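The values are calculated or read from the model by the stated rules, or taken from the named source; none is laboratory data. It should be emphasised that the depicted structure is a prediction, and the values quoted were computed from it without experimental measurement. Please note: Cβ atoms are built from the backbone with ideal geometry, for glycine as well, and neighbour counts cover all protein chains shown. Surface areas here come from the heavy atoms of the whole protein model, side chains and all, with no ligands, DNA or RNA. Shrake-Rupley method; radii C 1.70, N 1.55, O 1.52, S 1.80 Å.
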Amino acid sequence: MAAPQHDQSATRKFLGRLPFPERTFLADALRTETVGGVLLLLAAVAALVWANTPLSAGYETVRDFHLGPSALGLNLSVQHWAADGLLAVFFFVAGVELKRELVAGELRDPRAAALPVVAALCGMAAPALVYVVVNTAGGGSLDGWAVPTATDIAFALAVLAVIGTSLPSALRAFLLTLAVVDDLFAILIIAIFFTSDLNFAALGGAVAALAVFWLLLRKGVRGWYVYVPLALVIWGLMYNSGVHATIAGVAMGLMLRCVRREGEAHSPGERIERLVRPLSAGLAVPLFALFSAGVSVSGEALGHVFSRPVTLGVVLGLVVGKAVGIFGGTWLTARFTRAELNEDLEWADLFAVAALAGIGFTVSLLIGELAFAGDPEQTDEVKAAVLMGSLIAAVLASVLLKLRVRKYQALLAEEERDEDHSGVPDIYEDEDPAYHLRMAELHERKAAEHRRRAAELRPAGGAENGPGGRSGERTGSGRGRLRRDRSGGGTAR
C-alpha cells in the first residue's frame with residue numbers, strides 16, 4: 001500500500017522569511033520607531049521625575065495651562081492638546097500603516113492575515129476579561145475595561161533596543177502587524193465607547209472636509225500647503241463633533257494610496273509616512289508621554305496599584321491577559337489553519353513576543369484619561385497601574401528573550417549575510433544563477449590567493465611542513481615514544 005502523501009498545499013509557514021522588499025521597509029520603519037521609543041522612555045522618566053520632586057507644582061502649572069481660540073471651541077490645556085492634537089499625528093501614521101498592511105503587507109492575504117488579526121483580537125479580549133473578572137470579584141469599577149487592551153509598539157521596540165536582543169525580522173514583523181491591528185481596534189473602541197454627545201453640524205462638516213481631502217488625493221493634487229490647512233480644519237471639526245479628534249488622523253491616513261504605480265519608487269502613502277513618522281515618533285508621542293505620565297509614585301500610591309481592584313485589573317490585564325491572549329489565540333489559529341511554525345523558531349519565542357506586547361503605554365494612558373475623565377484621582381491611579389504593568393511586562397519579556405539571545409543573533413547574522421557584496425542578503429539570492437556565478441568567481445579568487453601563499457611559504461628544498469614532512473615525522477616519533485613509554489610502564493614526557 002502506498003504511503004499517504006502530505007498535502008503541502010494545505011500547509012503554510014508561520015513566521016517564515018519575509019520577502020526582501022517587505023523586510024527592507026520593515027527595517028526602515030522599525031528603525032524610526034525604535035528611536036522614537038527611546039525618546040518616549042526618556043519623556044516618561046522626565047515626567048515622573050518632574051512630578052515627584054519639589055518642581056511638581058511647575059509641572060501641574062504647565063500641564064494645565066490653557067491656550068487656543070475659544071471662539072472655535074479649542075481653548076484647551078497643554079495636556080489636552082497633547083492627547084487630542086499631537087496623538088492625531090500618531091493615529092494618522094497608524095492609519096497609513098493599516099492601509100499599507102491591507103493592500104500590500106501581511107494583511108493582504110486573508111489566510112496570512114488570520115493569525116495576526118486573531119492574535120490581536122484575543123490579545124485585547126483576554127486583558128479586558130481579566131480586568132472585568134478582577135473588578136467583579138473585588139467590587140471595583142468596570143469603566144476601565146479597555147485600558148489594558150492596547151499595545152505600544154514604540155515602547156516595545158525601545159525595550160528591544162535597550163536589552164540589545166537581535167530579534168529575527170519575522171518576529172519583529174509579527175509584532176508590528178499585531179500592533180497595527182491592535183491600533184485599529186483601539187481606535188474603534190475610542191470611537192464607539194468614548195464618544196460624547198454628537199454635534200451633527202460639526203460632524204457633517206468634518207465628513208465634507210474629508211470628502212474634499214479624498215477628492216484632492218484622487219485628482220493627484222500635491223503640496224503640503226493644501227493638505228496641512230485642510231487637515232487642521234478636519235481635526236477641529238472632528239473635535240467639536242464629539243467624536244474623539246484622533247479619529248480624524250486615522251481617516252486621513254486610510255485615504256492615502258499605498259500601492260505603487262508603474263515608474264514609482266514609493267507610493268504616496270509610503271512617501272508621506274516616511275515624512276510624518278519621525279514627527280510622530282520623535283515629537284508627538286514623547287510630548288504626550290511628558291504631559292500624561294507625570295503621576296505620583298510614592299510608596300502609598302504603588303501599594304494602591306496592587307490593592308485596589310481597578311489598578312490590579314489593569315496590571316494583570318497587561319501582564320497576564322496580553323501574553324495569554326496573544327499566545328493562545330495564535331496557537332489555536334495556527335493549529336486549526338494547519339500553519340507550521342518556522343523550524344528555526346519555537347513557540348517559546350512567540351510567548352516572549354506576546355509578553356512584550358503587554359507594554360501598553362500611549363493608547364492605554366489615553367483610554368485611562370477618557371474612561372475616568374471625571375475623577376482625577378482615579379485617573380492618576382490608573383496611569384500608575386499602566387506604568388507598573390508595562391514595566392513588569394517589559395522585564396518579563398526581557399528575561400524570556402535573553403534566554404534565546406544567542407539563537408536570535410545566529411538567525412539574524414544568517415539573514416544579513418552578504419558574501420558577494422551585492423547589497424542583497426544571500427538567502428534572497430539562492431534561486432538566482434548570477435549569484436552562484438559571483439560566488440564561484442569569489443571562491444576561485446580565494447583559492448588562487450591560498451595557492452600563491454602556499455608557494456611563497458614552501459621551503460627552498462621542496463619539503464613541506466605537514467603530515468608527510470619533517471613536522472609529521474617529529475609528530476610520529478613523538479607518538480612512538482609515547483606508545484613505548486606507556487607499554488613499558490614509563491611516564492610520557
Checking Asp197 against (1) in a helix (DSSP H, G or I); (2) in contact (Cβ under 8 Å) with a residue 40 or more places away in the chain, the condition it does not meet: (1)
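Matching residues to (1) surrounded by fewer than 18 Cβ atoms within 10 Å (Cβ to Cβ); (2) over 17 Å from Gly95 (Cβ atoms); (3) without any contact (Cβ under 8 Å) to a residue 40 or more places away in the chain:
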position	(1), (2), (3)
Gly205	no, yes, yes
Arg222	yes, yes, yes
Ile234	no, no, yes
His244	no, no, no
So, in segment 231-247, exactly how many residues are within 24 Å of Val103 (Cβ to Cβ) and out of contact with any Leu (no Cβ under 8 Å at 6 or more places or on another chain)? 2
Ile190, sole failed condition from (1) in contact with a His (Cβ under 6 Å, 6 or more places away or on another chain); (2) surrounded by fewer than 20 Cβ atoms within 10 Å (Cβ to Cβ); (3) not hydroxyl-bearing (Ser, Thr, Tyr): (2)
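Considering each of Leu217, Leu256, Leu230, Leu210 in turn, give the residue that is open to solvent by 40 Å² or more (accessible area, probe 1.4 Å) and among the hydrophobic types (A, V, I, L, M, F, W, C).
Going through Leu217, Leu256, Leu230, Leu210 in turn, just one is open to solvent by 40 Å² or more (accessible area, probe 1.4 Å) and among the hydrophobic types (A, V, I, L, M, F, W, C): Leu217.
Check whether at least one residue in segment 260-269 is farther than 22 Å from Phe185 by Cα and not in a loop (DSSP other than H, G, I, E, B), and report yes or no. Give the steps one after another, and end with the answer.
As a first pass, look at segment 260-269 and keep what is farther than 22 Å from Phe185 by Cα: 260-268.
Filter once more, so that each one left must be not in a loop (DSSP other than H, G, I, E, B): 268.
Checking segment 260-269: at least one residue is farther than 22 Å from Phe185 by Cα and not in a loop (DSSP other than H, G, I, E, B).
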Of all residues in segment 153-186 being at pLDDT 85 or above and either under 15 Å from Val353 (Cα atoms) or surrounded by fewer than 22 Cβ atoms within 10 Å (Cβ to Cβ) (or both), the one that is farthest from the chain's Cα centre (by Cα): Phe185
I'm trying to understand the selection: among the residues of segment 83-128, which are within 25 Å of Val319 (Cα to Cα), modelled with pLDDT of 85 or more and open to solvent by 20 Å² or more (accessible area, probe 1.4 Å)? Phe90, Val117, Val118, Leu121, Cys122, Ala125, Ala126
Tell me which residues, restricted to segment 338-377, are surrounded by fewer than 23 Cβ atoms within 10 Å (Cβ to Cβ), touching a residue at least 24 places away in the same chain (Cβ under 8 Å) and within 18 Å of Ala83 (Cα to Cα). Glu369, Leu370, Ala371, Phe372
Would you be able to say whether some residue in segment 103-110 is under 22 Å from Ala352 (Cα atoms) and not aromatic (Phe, Trp, Tyr)? yes
With the structure loaded, tell me whether Arg308 is within 21 Å of Leu107 (Cβ to Cβ), at pLDDT 90 or above and among the basic types (Lys, Arg) or whether it fails that test. no
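Sort through Leu230, Leu216, Leu167, Leu142 and tell me the only one that's assigned to a loop (DSSP other than H, G, I, E, B), in contact with a helix residue (DSSP H, G or I) (Cβ under 7 Å, 6 or more places away or on another chain) and free of Cβ contacts under 8 Å to residues at least 24 places away in the same chain. Explain how you work it out, then say what you get.
Details: Leu230 fails: assigned to a loop (DSSP other than H, G, I, E, B); Leu216 fails: assigned to a loop (DSSP other than H, G, I, E, B); Leu167 fails: free of Cβ contacts under 8 Å to residues at least 24 places away in the same chain.
Criteria check complete, one pass: Leu142.
If I ask for residues that are touching a Ser or Thr at 6+ places or on another chain (Cβ under 6 Å) and acidic (Asp, Glu), which ones from segment 50-67 would you list? Don't jump to the end; show me each part of the working.
Let us first name the residues in segment 50-67 that are touching a Ser or Thr at 6+ places or on another chain (Cβ under 6 Å), namely 64, 66.
The answer is Asp64, and nothing else.
Looking at the structure I just gave you, is Val297 part of a loop (DSSP other than H, G, I, E, B), surrounded by fewer than 20 Cβ atoms within 10 Å (Cβ to Cβ) and touching a residue at least 60 places away in the same chain (Cβ under 8 Å)? Step through it out loud before you land on a result.
Details: part of a loop (DSSP other than H, G, I, E, B): yes; surrounded by fewer than 20 Cβ atoms within 10 Å (Cβ to Cβ): yes; touching a residue at least 60 places away in the same chain (Cβ under 8 Å): yes.
Yes: the conditions hold for Val297.
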Enumeration of residues in segment 40-59 that are touching a helix residue (DSSP H, G or I) at 6+ places or on another chain (Cβ under 8 Å) and more than 20 Å from Val162 (Cα to Cα): Trp50, Ala51, Ser56, Gly58, Tyr59
